[in-house]
């Protein structure tokens, strides 16, 4: 396991920050950007979110090998492959 500020390619399992991933949810009337943990199975990389007000946020592109996890109160929401594939799991 390698902990790094920026993503590192080919370093084994990498936990990193810097990118500040987020998921954008859209309806016809509203848009919501939520910080997320972003897992890429192919790169073996977990990117951690930032929760500050001034951190910006990079909108992730979901692909078949990726999962975005959004934490909302006591609920873990996972987006796998594309934003409209929603799975909800209650934390214990």
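Read-outs: derived from the displayed coordinates by stated rules, not from any lab. No experiment lies behind these values; they were computed from the predicted model shown. When we count neighbours, we look across all protein chains shown, and the Cβ atoms used for this are built from the backbone with ideal geometry, even at glycine.
Arranged by the count of other C-beta atoms within 10 angstrom, fewest first, what order do 58, 69 take?
Starting with the residue having the fewest Cβ neighbours, the order is 58, 69.
Can you tell which of 71, 60, 23 shows the greatest fluctuation in a Gaussian network model of the chain with Cα springs below 10 Å?
Greatest mean-square fluctuation among the candidates belongs to 71.
Most mobile of 27, 75, 55 per a Gaussian network model of the chain (Cα springs, under 10 Å)?
Comparing 27, 75, 55 in the GNM, the peak value goes to 27.
From Cα pairs below 8 angstrom and at least 6 apart in sequence, can you work out the relative contact order of region 1-54, rounded to a whole percent? Don't skip to the end; give the middle numbers.
Values: 102 pairs, mean separation 17.4, N = 54.
In percent, rounded to a whole number, it is 32.
Any chance you could run the full-extension gain for residue 2 through residue 27? It's 0.36 nm times the residue separation minus the Cα-Cα distance, nm to one decimal.
5.2 nm
Antiparallel as a % of all DSSP beta bridges within the chain, to the nearest 5?
On the way: 23 of 31 bridges.
Expressed as a percentage, antiparallel bridges in the chain total about 75.
Among (i) 13.3, 42; (ii) 17.9, 48; (iii) 13.6, 39, which is the computed Rg and Dmax of the Cα atoms in Å?
Given (i) 13.3, 42; (ii) 17.9, 48; (iii) 13.6, 39, the calculated one carries the label (i).
I want to verify a result. In a Gaussian network model of the chain, Cα cutoff 10 Å, which of these has the top mean-square fluctuation: 54, 42, 13?
In this elastic network of the chain, the residue with the biggest mean-square fluctuation among 54, 42, 13 is 54.
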